[in-house]
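These notes concern the structure reproduced below.
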Amino acid sequence: MTTDASGDWQPTAALEVLKLRARLLERIRAFFSERSVLEVETPILSAAAVTDPMLASLATRYTGPRFPRGQAFYLHTSPEFPMKRLLAAGSGSIYQICKVFRDGEAGRLHNPEFTMLEWYRVGFDHHRLMDEVAELVMQLLAPYLSIETPERLSYREAFRRHAGLDPHTATSTDFATVAKAHKIGVPPGLLTQNDLSVWRDLLLTHVVEPMLGQGRLTFIYDYPAAQASLARIQLGDPPLAARFELYLNGVELANGFHELADADEQRTRFERQLHTSAAGGQPVVPMDERLLAALAQGLPDCAGVALGFDRLVMLAAGSRTIEDVVAFPIDRA
C-alpha cells in the first residue's frame with residue numbers, strides 16, 4: 001500500500017525562510033571561527049541512550065560487520081555525551097550543529113527531528129557562557145528583531161515576579177492557590193502530591209515562562225538542585241544547580257550548565273533517573289559507560305549550552321510554528 005503524496009510533497013517552509021536558515025548558519029560558523037572554537041561532528045547513533053525520564057529516544061537496529069547478531073542503537077537526543085568525550089580527550093572549546101531526535105515531541109514548537117547548536121567553552125562557568133550566548137543571539141537576531149538589553153533573573157526572582165511566591169520555600173498549598181488563581185486545571189492526584197518539583201514545573205510552564213523574554217532576552221539561572229541534570233551543584237541554603245535557560249518572547253531557546261565533572265556523581269544521577277523510569281513503566285535504557293569513563297579520566301572545567309536552531313529561525317522569521325521554518329516536518333518526511 002502506498003501513500004498518496006500528490007498534495008504534500010512540497011516544503012512547508014517558504015524559499016525565503018530556507019535562505020534565512022542558510023544565512024544564520026553562516027553567521028554562527030563565522031562567530032565561532034572568530035573565537036577559535038572548533039567545529040566537530042559526532043555520531044548520531046549511540047549504543048547508549050539518554051536516561052532522563054523526560055526524554056524519549058528513537059531506536060533502530062544494525063546488523064552487519066562487527067555486529068552480525070544485530071545491535072540496538074539510539075538516535076541521539078543531544079550530541080552532549082560524545083562531545084564531552086572529545087573534551088576529555090583534549091579537544092579544547094568545541095561546537096556542533098546537528099540533527100537530534102526525540103520521540104513523542106510534535107507541536108507548534110516541536111518536531112521529532114530538529115536542529116541543535118551545542119557548544120562547550122573550556123574555562124567558562126555558566127555566567128560567563130551566558131555572556132557569550134547573549135552576544136551570539138543578539139548578533140543573529142538584530143537584523144530581524146528589535147531586542148532590548150538582556151536581563152538575568154534567578155529562578156527565585158522569576159517566580160516571585162510572575163507567580164508571587166518563593167519556589168524554594170512554598171508549600172503544595174501555596175502552589176495550588178496560585179494555580180487556582182491562574183485557572184490552571186490541576187490533576188486531582190497533584191493536590192496531594194508531596195513532590196514539590198512537580199508543582200514547580202507546572203507553574204513554570206503555565207505561569208512564569210509565558211511572561212519571560214518579552215522583547216528582550218531573559219536568562220533564568222540558579223535552578224533547584226533537583227533539576228541539575230548534568231550541571232554542578234552550588235552549595236548553599238538551598239543548594240542550587242549551576243544551570244541557566246534562555247527565553248525570548250515566551251519561547252525557550254537554550255539550556256546551559258556549568259558541567260558536572262564528577263563521574264561517580266554522574267553515575268548516581270543516571271541510576272536515579274533509570275529508577276524513576278522503571279517506576280513509571282518506561283523503558284530502562286543502557287547508560288553511557290563511555291561518557292562515564294571519559295569523566296573519570298578527567299573533564300576540563302567547562303560550561304556548555306544547547307540552543308534550538310529552528311526556534312531561533314522562527315523568531316527571526318516572525319513565524320509561530322516550527323513547520324514554517326523546516327523544509328519537511330515529520331508528516332511530510
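Each value in this text was obtained by applying a stated rule to the coordinates, not by laboratory testing. All of these numbers come straight from a predicted model, not from anything done at the bench. So basically every Cβ, Gly included, is an ideal-geometry build from the backbone, and we count neighbours across all protein chains shown.
Which of rounded, prolate, oblate describes segment 2-128, given a ≥ b ≥ c as roots of the alpha-carbon gyration tensor eigenvalues and a/c under 1.5 marking rounded, otherwise prolate only if a/b is larger than b/c?
In terms of gyration-tensor shape, oblate.
Using a Förster radius of 35 Å, what is the FRET efficiency between HIS206 and ALA296 based on their Cβ-Cβ separation? Nearest 0.05, please.
The formula returns an efficiency of 0.30 here.
Which lysines, on any chain, are close to LYS84 with Cα under 22 Å apart, when same-chain ones fewer than 8 places away are left out?
LYS99
Rounded if a/c is under 1.5, else prolate if a/b beats b/c, else oblate: with a ≥ b ≥ c from the C-alpha gyration tensor eigenvalues square-rooted, which is the chain?
Taking the square roots of the gyration eigenvalues as a ≥ b ≥ c, the chain is rounded.
In segment 26-70, whose amide N lies under 16 Å from the spot 7 Å out along Cα-to-Cβ of GLN139? List them in ranges.
The answer is 26-39, whose backbone nitrogens lie closer than 16 Å to the label point.
According to the square roots a ≥ b ≥ c of the eigenvalues of the Cα gyration tensor, what is the shape class of segment 181-256, taking rounded for a/c under 1.5, prolate for a/b larger than b/c otherwise, and oblate for the remainder?
Taking the square roots of the gyration eigenvalues as a ≥ b ≥ c, segment 181-256 is oblate.
Give me the distance in nm between label points sitting 7 Å out from Cα along the Cα-to-Cβ direction at ASP125 and LEU45, one decimal.
Simple spin-label model gives 4.2 nm for this pair.
Can you tell me what percent of all Cα-Cα pairs in segment 164-215 are more than 14 Å apart?
48
Quick check: residue separation of SER172 and THR60 times 0.36 nm, minus the Cα distance between them. What number comes out in nm?
The span from SER172 to THR60 would gain 36.2 nm if fully extended.
Could you work out the Kirkwood radius for segment 222-269, taking every pair of different alpha carbons, averaging 1/r and inverting it, reported in Å?
For segment 222-269, inverting the mean 1/r across all distinct Cα pairs yields 11.4 Å.
Which order do the peptides 119-131, 298-310 come out in when sorted by mean C-beta neighbours inside 10 angstrom, highest first?
Ranked from most to least packed, the peptides come out as 298-310, 119-131.
What share of all Cα pairs of segment 58-152, in percent, falls into each consecutive 10 Å distance bin?
So the P(r) values, bin by bin, are 12, 28, 35, 17, 6, 2.
Expressed as cubic angstrom per residue, what is the convex hull volume of the alpha carbon set of segment 261-329?
Here the figure is 160 Å³ per residue.
Would you calculate, for the chain, the mean residue ellipticity at 222 nm contributed by helices, counting each DSSP H stretch of 4 or more residues as -39,500 (n - 2.57) and dividing by all residues, to the nearest 500?
-10000 deg cm²/dmol
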